[in-house]
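J.: Just dropping this structure here.
The values are calculated or read from the model by the stated rules, or taken from the named source; none is laboratory data. Computed from a predicted model, the values in this text were never measured in an experiment. Virtual Cβ from ideal backbone geometry, glycine too; neighbours counted across all protein chains shown. What goes into the accessible areas is simple: the full protein's heavy atoms, side chains included, and nothing from ligands, DNA or RNA. Shrake-Rupley method; radii C 1.70, N 1.55, O 1.52, S 1.80 Å.
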Amino acid sequence: MKKATKFLTMTLAMVMTVCTLTACGGGAAKGNTITFGTNAEFPPFEYVTSSGVIGEYDGIDMAIAKQIAESNGMTATMENMEFDSLLVALQNGQIDAVIAGMTATDERRETVDFSTPYYTATQVMIVREDSDITAATDMADKKICVIQGYTGEICVQDMGYSYEAFKKGTEAVMELVNGKCDVVVIDSATAQKYVGDNEGLKIVEDPGAFESEEYAIAVQKGNTELLDKINSAIDKMLADGTINELAVKYTEEVTAE
Ligand code: GLN
(Lines give C-alpha, C1' and ligand atoms only; values in the text may rest on other atoms or scores of the structure.)
Protein backbone atom coordinates (compact mmCIF):
# COMPACT_ATOMS: atom_id res chain seq x y z
CA MET A 1 0.00 0.00 0.00
CA LYS A 2 2.77 2.33 1.04
CA LYS A 3 4.72 1.37 -2.06
CA ALA A 4 1.75 2.09 -4.26
CA THR A 5 1.29 5.52 -2.71
CA LYS A 6 4.94 6.31 -3.20
CA PHE A 7 4.76 5.17 -6.80
CA LEU A 8 1.71 7.35 -7.38
CA THR A 9 3.38 10.35 -5.81
CA MET A 10 6.44 9.86 -7.98
CA THR A 11 4.37 9.44 -11.09
CA LEU A 12 2.45 12.58 -10.28
CA ALA A 13 5.66 14.50 -9.68
CA MET A 14 7.02 13.29 -13.01
CA VAL A 15 3.86 14.24 -14.85
CA MET A 16 3.93 17.66 -13.24
CA THR A 17 7.56 18.18 -14.25
CA VAL A 18 6.81 17.18 -17.83
CA CYS A 19 3.83 19.50 -17.77
CA THR A 20 5.93 22.42 -16.62
CA LEU A 21 8.47 21.70 -19.34
CA THR A 22 5.92 21.44 -22.12
CA ALA A 23 3.40 23.89 -20.70
CA CYS A 24 0.64 21.28 -20.45
CA GLY A 25 -2.92 22.26 -19.64
CA GLY A 26 -4.92 24.87 -21.53
CA GLY A 27 -1.88 26.39 -23.20
CA ALA A 28 -0.52 23.17 -24.65
CA ALA A 29 -3.92 21.95 -25.77
CA LYS A 30 -4.36 25.17 -27.72
CA GLY A 31 -0.82 24.93 -29.05
CA ASN A 32 -1.54 21.53 -30.54
CA THR A 33 -5.03 22.25 -31.80
CA ILE A 34 -6.28 24.29 -34.71
CA THR A 35 -9.74 25.63 -33.91
CA PHE A 36 -11.50 26.15 -37.22
CA GLY A 37 -14.75 28.03 -37.65
CA THR A 38 -17.31 27.05 -40.27
CA ASN A 39 -20.97 27.41 -41.17
CA ALA A 40 -22.16 23.84 -41.61
CA GLU A 41 -24.96 24.78 -44.00
CA PHE A 42 -23.02 24.49 -47.22
CA PRO A 43 -22.99 20.97 -48.69
CA PRO A 44 -20.85 19.37 -50.12
CA PHE A 45 -18.24 21.52 -48.30
CA GLU A 46 -19.71 21.42 -44.78
CA TYR A 47 -22.81 19.91 -43.27
CA VAL A 48 -23.95 18.21 -40.08
CA THR A 49 -24.23 14.44 -40.06
CA SER A 50 -24.36 11.66 -37.46
CA SER A 51 -20.69 10.70 -37.86
CA GLY A 52 -18.53 13.25 -39.60
CA VAL A 53 -14.77 13.49 -40.06
CA ILE A 54 -14.58 16.11 -37.28
CA GLY A 55 -17.25 15.35 -34.70
CA GLU A 56 -20.66 15.81 -36.32
CA TYR A 57 -19.24 17.81 -39.23
CA ASP A 58 -18.50 16.37 -42.63
CA GLY A 59 -17.75 17.58 -46.13
CA ILE A 60 -14.85 18.55 -48.41
CA ASP A 61 -13.69 21.39 -46.13
CA MET A 62 -13.95 19.26 -43.00
CA ALA A 63 -11.74 16.55 -44.54
CA ILE A 64 -9.27 19.22 -45.68
CA ALA A 65 -9.19 20.81 -42.20
CA LYS A 66 -8.53 17.46 -40.59
CA GLN A 67 -5.63 16.72 -42.95
CA ILE A 68 -4.13 20.18 -42.48
CA ALA A 69 -4.01 19.62 -38.73
CA GLU A 70 -2.76 16.04 -38.99
CA SER A 71 0.00 16.82 -41.47
CA ASN A 72 1.30 19.34 -38.91
CA GLY A 73 1.03 16.85 -36.04
CA MET A 74 -1.96 18.72 -34.64
CA THR A 75 -5.67 18.15 -34.03
CA ALA A 76 -8.55 20.01 -35.71
CA THR A 77 -11.64 21.13 -33.82
CA MET A 78 -14.62 22.80 -35.43
CA GLU A 79 -16.90 25.59 -34.23
CA ASN A 80 -20.14 25.98 -36.14
CA MET A 81 -21.61 29.49 -36.41
CA GLU A 82 -23.43 31.82 -38.77
CA PHE A 83 -21.50 32.65 -41.92
CA ASP A 84 -21.71 36.34 -41.09
CA SER A 85 -20.05 35.81 -37.68
CA LEU A 86 -17.01 33.88 -38.94
CA LEU A 87 -14.65 36.75 -39.69
CA VAL A 88 -15.56 38.55 -36.46
CA ALA A 89 -14.88 35.37 -34.46
CA LEU A 90 -11.54 35.07 -36.25
CA GLN A 91 -10.56 38.62 -35.49
CA ASN A 92 -11.41 38.38 -31.80
CA GLY A 93 -9.48 35.11 -31.44
CA GLN A 94 -12.41 32.78 -30.75
CA ILE A 95 -11.21 30.65 -33.67
CA ASP A 96 -7.80 30.27 -35.35
CA ALA A 97 -8.95 29.88 -38.95
CA VAL A 98 -12.07 29.93 -41.13
CA ILE A 99 -12.80 27.08 -43.54
CA ALA A 100 -16.25 27.63 -45.01
CA GLY A 101 -16.15 27.55 -48.80
CA MET A 102 -15.16 31.14 -48.31
CA THR A 103 -14.27 33.11 -51.41
CA ALA A 104 -11.08 35.14 -51.06
CA THR A 105 -12.40 38.59 -51.97
CA ASP A 106 -10.48 41.89 -51.91
CA GLU A 107 -12.93 43.24 -49.37
CA ARG A 108 -12.32 40.33 -46.98
CA ARG A 109 -8.56 40.63 -47.58
CA GLU A 110 -8.73 44.03 -45.88
CA THR A 111 -9.38 42.34 -42.54
CA VAL A 112 -7.90 38.80 -42.82
CA ASP A 113 -5.18 36.87 -44.65
CA PHE A 114 -6.07 34.02 -47.00
CA SER A 115 -4.30 30.75 -47.73
CA THR A 116 -3.46 29.40 -51.15
CA PRO A 117 -6.80 28.89 -52.93
CA TYR A 118 -7.95 25.26 -52.96
CA TYR A 119 -11.15 25.27 -55.05
CA THR A 120 -12.59 27.29 -57.92
CA ALA A 121 -16.32 27.98 -58.01
CA THR A 122 -18.76 30.40 -59.57
CA GLN A 123 -22.17 31.79 -58.74
CA VAL A 124 -25.08 30.20 -60.61
CA MET A 125 -28.83 30.71 -60.68
CA ILE A 126 -31.22 28.03 -59.43
CA VAL A 127 -34.64 28.39 -61.04
CA ARG A 128 -37.77 26.25 -61.47
CA GLU A 129 -37.68 24.00 -64.52
CA ASP A 130 -40.31 26.10 -66.35
CA SER A 131 -38.46 29.38 -65.74
CA ASP A 132 -37.75 31.77 -68.62
CA ILE A 133 -34.53 32.97 -66.99
CA THR A 134 -31.58 32.15 -69.27
CA ALA A 135 -29.12 34.89 -68.29
CA ALA A 136 -28.34 37.09 -65.27
CA THR A 137 -30.01 40.12 -66.89
CA ASP A 138 -33.31 38.17 -66.94
CA MET A 139 -33.38 38.52 -63.16
CA ALA A 140 -34.09 42.26 -63.46
CA ASP A 141 -37.86 41.97 -62.96
CA LYS A 142 -37.81 38.74 -60.92
CA LYS A 143 -37.95 38.00 -57.23
CA ILE A 144 -34.38 37.10 -56.27
CA CYS A 145 -33.29 35.18 -53.17
CA VAL A 146 -29.74 35.15 -51.83
CA ILE A 147 -28.06 34.02 -48.62
CA GLN A 148 -26.96 36.74 -46.26
CA GLY A 149 -23.26 37.61 -46.46
CA TYR A 150 -22.48 35.18 -49.29
CA THR A 151 -20.70 36.43 -52.40
CA GLY A 152 -23.99 35.72 -54.24
CA GLU A 153 -25.56 38.61 -52.31
CA ILE A 154 -22.69 40.91 -53.28
CA CYS A 155 -23.02 39.94 -56.98
CA VAL A 156 -26.75 40.70 -57.04
CA GLN A 157 -26.14 43.96 -55.15
CA ASP A 158 -23.49 44.97 -57.71
CA MET A 159 -25.94 44.24 -60.53
CA GLY A 160 -28.29 46.72 -58.88
CA TYR A 161 -31.21 44.31 -58.43
CA SER A 162 -33.36 44.14 -55.32
CA TYR A 163 -33.47 40.83 -53.48
CA GLU A 164 -34.42 39.08 -50.29
CA ALA A 165 -31.64 37.62 -48.11
CA PHE A 166 -32.03 34.40 -46.09
CA LYS A 167 -29.88 32.98 -43.30
CA LYS A 168 -29.66 29.51 -44.86
CA GLY A 169 -29.42 28.13 -48.38
CA THR A 170 -32.16 25.61 -47.61
CA GLU A 171 -34.55 28.43 -46.64
CA ALA A 172 -33.94 30.28 -49.91
CA VAL A 173 -34.41 27.09 -51.92
CA MET A 174 -37.71 26.37 -50.11
CA GLU A 175 -38.96 29.83 -51.15
CA LEU A 176 -38.12 28.91 -54.74
CA VAL A 177 -39.76 25.48 -54.54
CA ASN A 178 -42.89 27.07 -53.03
CA GLY A 179 -43.07 29.69 -55.78
CA LYS A 180 -42.40 32.59 -53.43
CA CYS A 181 -39.28 33.60 -55.31
CA ASP A 182 -38.06 33.07 -58.88
CA VAL A 183 -34.33 32.56 -58.58
CA VAL A 184 -31.68 31.74 -55.97
CA VAL A 185 -28.12 32.93 -56.63
CA ILE A 186 -25.60 30.65 -54.92
CA ASP A 187 -22.26 28.84 -55.40
CA SER A 188 -22.14 26.16 -58.09
CA ALA A 189 -21.41 22.95 -56.13
CA THR A 190 -23.97 23.78 -53.45
CA ALA A 191 -26.54 24.60 -56.15
CA GLN A 192 -26.01 21.15 -57.64
CA LYS A 193 -26.75 19.59 -54.28
CA TYR A 194 -30.01 21.53 -53.86
CA VAL A 195 -31.14 20.75 -57.40
CA GLY A 196 -30.42 17.06 -56.75
CA ASP A 197 -32.46 17.18 -53.54
CA ASN A 198 -35.52 19.00 -54.87
CA GLU A 199 -37.78 18.08 -57.78
CA GLY A 200 -38.49 20.61 -60.48
CA LEU A 201 -35.39 22.80 -60.22
CA LYS A 202 -32.55 23.47 -62.65
CA ILE A 203 -29.32 25.45 -62.80
CA VAL A 204 -28.75 28.36 -65.19
CA GLU A 205 -25.15 29.46 -65.67
CA ASP A 206 -23.96 32.83 -66.94
CA PRO A 207 -20.15 32.88 -66.87
CA GLY A 208 -20.13 36.32 -68.50
CA ALA A 209 -22.02 37.79 -65.55
CA PHE A 210 -20.51 35.87 -62.65
CA GLU A 211 -16.73 35.81 -62.31
CA SER A 212 -15.02 32.69 -61.04
CA GLU A 213 -14.27 32.66 -57.31
CA GLU A 214 -11.54 30.97 -55.33
CA TYR A 215 -12.15 29.35 -51.96
CA ALA A 216 -9.40 29.82 -49.39
CA ILE A 217 -8.85 29.49 -45.64
CA ALA A 218 -8.76 32.72 -43.62
CA VAL A 219 -6.45 33.43 -40.68
CA GLN A 220 -5.89 36.55 -38.60
CA LYS A 221 -3.89 39.20 -40.41
CA GLY A 222 -0.18 38.58 -39.84
CA ASN A 223 -0.55 35.03 -38.46
CA THR A 224 2.15 33.73 -40.79
CA GLU A 225 3.00 30.84 -38.47
CA LEU A 226 -0.41 29.23 -38.93
CA LEU A 227 -0.71 30.34 -42.55
CA ASP A 228 2.58 28.58 -43.43
CA LYS A 229 1.33 25.37 -41.83
CA ILE A 230 -1.97 25.59 -43.71
CA ASN A 231 -0.32 26.44 -47.02
CA SER A 232 2.23 23.64 -46.89
CA ALA A 233 -0.58 21.14 -46.30
CA ILE A 234 -2.77 22.62 -49.05
CA ASP A 235 0.10 22.67 -51.55
CA LYS A 236 0.70 19.00 -50.85
CA MET A 237 -2.99 18.09 -51.14
CA LEU A 238 -3.31 19.99 -54.41
CA ALA A 239 -0.16 18.40 -55.85
CA ASP A 240 -1.03 14.80 -54.95
CA GLY A 241 -4.66 15.08 -56.05
CA THR A 242 -6.19 14.70 -52.56
CA ILE A 243 -8.39 17.78 -52.84
CA ASN A 244 -9.63 16.72 -56.24
CA GLU A 245 -10.47 13.25 -54.91
CA LEU A 246 -12.31 14.72 -51.93
CA ALA A 247 -14.31 17.03 -54.18
CA VAL A 248 -15.38 14.12 -56.40
CA LYS A 249 -16.14 11.85 -53.42
CA TYR A 250 -18.28 14.33 -51.51
CA THR A 251 -20.06 15.68 -54.57
CA GLU A 252 -21.14 12.14 -55.48
CA GLU A 253 -21.99 11.13 -51.91
CA VAL A 254 -24.01 14.19 -51.11
CA THR A 255 -25.88 14.08 -54.40
CA ALA A 256 -26.68 10.38 -54.00
CA GLU A 257 -28.12 10.77 -50.48
N1 GLN B 1 -18.42 31.30 -51.43
C2 GLN B 1 -19.43 32.07 -50.81
C3 GLN B 1 -18.83 33.19 -50.00
O4 GLN B 1 -17.67 33.18 -49.73
C5 GLN B 1 -20.37 31.22 -49.95
C6 GLN B 1 -19.66 30.54 -48.84
C7 GLN B 1 -20.54 29.81 -47.85
O8 GLN B 1 -21.69 29.93 -47.82
N9 GLN B 1 -20.05 29.01 -47.01
O10 GLN B 1 -19.51 34.09 -49.63
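J.: Take the range 146-257, drop everything but the C-alpha atoms, weight them equally and run the Debye formula without solvent; then report log10 I(q)/I(0) at 0.16, 0.19, 0.20 Å⁻¹ to two decimals.
T.: -0.93, -1.12, -1.16
J.: How many nm separate the modelled label positions at ARG128 and SER71, each set 7 Å beyond the Cα in the direction of the Cβ?
T.: Going by the 7 Å Cα→Cβ label model, 4.6 nm.
J.: Modelling each spin label as a point 7 Å along the Cα-to-Cβ direction, I'd like the VAL248/LYS180 distance in nm, to one decimal.
T.: Those two pseudo-labels are separated by 4.0 nm.
J.: Which peptide among 165-174, 221-230, 196-205 comes first, and what is the full order, when sorted by highest mean count of other Cβ atoms within 10 Å?
T.: Per-residue mean Cβ counts within 10 Å order the peptides as 165-174, 221-230, 196-205.
J.: Take the alpha-carbon centre of the range 73-139, take the same for the range 213-246, and report the distance between them in whole Å.
T.: 15 Å
J.: Search the structure for amide H atoms under 5 Å from the amide H of MET81, placed 1.01 Å from N in the peptide plane, and list their residues when 5 or more places away or on another chain.
T.: Correct list: THR38, ASN39, ALA40.
J.: Right, another one. Please state the relative contact order of the chain as a whole percent: Cα pairs under 8 Å, 6+ residues apart?
T.: About 24 percent, as a whole number.
J.: Can I ask one more? For the chain, what are the DSSP H helices with axial Cα length of 18 Å or more and mean Kyte-Doolittle hydropathy of at least 0.5?
T.: 2-22
J.: Nearest-5 percent of antiparallel DSSP beta bridges in the chain?
T.: Antiparallel: roughly 65 percent of the beta bridges in the chain.
J.: Calculate the FRET efficiency for GLN94 and GLU199 from the Cβ-Cβ distance with a Förster distance of 30 Å, rounded to the nearest 0.05.
T.: Using R0 = 30 Å, I get an efficiency of 0.15.
J.: How large is Rg/Rh for the range 173-220, to two decimals, with Cα atoms and a Kirkwood Rh?
T.: 1.06
J.: Okay, next question. Using helices alone, what [θ] at 222 nm do you get for the chain, with -39,500 (n - 2.57) per DSSP H run of 4 or more residues, divided over all residues and rounded to the nearest 500?
T.: -12500 deg cm²/dmol
J.: Ok, one more. Might you tell me the accessible area per residue for the chain, computed with a 1.4 Å probe and given in Å²?
T.: Per residue, the chain has 50 Å² of solvent-accessible surface.
J.: Separate question: If you count, for each residue, the other Cβ atoms within 10 Å and average over each peptide, how do 69-80, 52-63, 114-125 line up from highest to lowest?
T.: 52-63, 114-125, 69-80
J.: Which percent of the accessible heavy-atom area of the chain goes to carbon and sulfur, probe 1.4 angstrom?
T.: That fraction is 53 percent.
J.: Which FRET efficiency value, to the nearest 0.05, do you get for MET159 and SER232 by plugging their Cβ-Cβ distance into 1/(1 + (r/R0)^6) with R0 = 41 Å?
T.: 0.60
J.: Can you list the equivalent-ellipsoid semi-axes of the chain, largest first and in whole Å, using the square root of 5 times each Cα gyration tensor eigenvalue?
T.: Each semi-axis is √(5λ); the values are 43, 19, 16 Å.
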